[in-house]
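Each remark here refers to the structure printed beneath this line.
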Amino acid sequence: SSDPAGLTEFNGELYFSATLPTSGRELWKLNPFGQTDQVAEIDPTGSSDPAGFQVFNNVLYFAATAPLSGRELWKIDVDGNAALAVDIDPAGAGHLDDADIGRVLQPHGPGKVRGRVGTPGTAVADDDRFERLFHGRISLH
C-alpha cells in the first residue's frame, strides 16, 4: 500500500504524501480528472516525509526533509511549484515539528497568526527570516 496521508485540498487539487518502493515517501497530488502525479522528489536519496499540510494566503505549507537542509518548512505556490519556504536552521540540522505548522498558520485576529516552530526548547522568535516569510503577520511566543 502507498499509505496516502495528509490529504489537503489546494487550488482545486488534492495534495498528500504517499510511499512508493522506488522513491520513498514523497509529495503527490490528485487532479480533478483522477490523475495522480508526484509533485516533487524533495529527497532523491530517500523519503522526504511531507506532513503537516496547511493552506495560508494561497500557499500550501508543509514540513519535509531534504538531504542538505534537514526538516524544514516547504511550500507549494498557486502554480504548483514546490520550494523551500524558509531555511529555519541553515546549519543543515533543521527540525520542524509537523504539528507546529498548524499552530503557526492559524489565524488569530485580523491579519495575525500566532504560534511557534521547532523542537521543544528551540525558539524561532529570534530568527527574523521566519518573521519576514509571513510579512509581519506573525506573532511568535
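The values are calculated or read from the model by the stated rules, or taken from the named source; none is laboratory data. Here the structure is a predicted model, which means the values were calculated and not measured. Every residue, glycine as well, gets a Cβ built from its backbone with ideal geometry; the counts of neighbours run over all protein chains shown. The area values use the complete protein model at the heavy-atom level, side chains included, leaving out ligands, DNA and RNA. Shrake-Rupley method; radii C 1.70, N 1.55, O 1.52, S 1.80 Å.
What is the sum of charges, Lys and Arg at +1 and Asp and Glu at -1, for the other residues whose Cβ falls under 12 Å from the Cβ of Lys29? Before the final figure, lay out the partial values.
Working: positive: none; negative: Glu9, Glu13, Glu26, Asp37.
Within the 12 Å Cβ shell, the charges total -4.
In square angstrom, rounded to the nearest 10, how much accessible surface does Trp74 have for a 1.4 Å probe?
30
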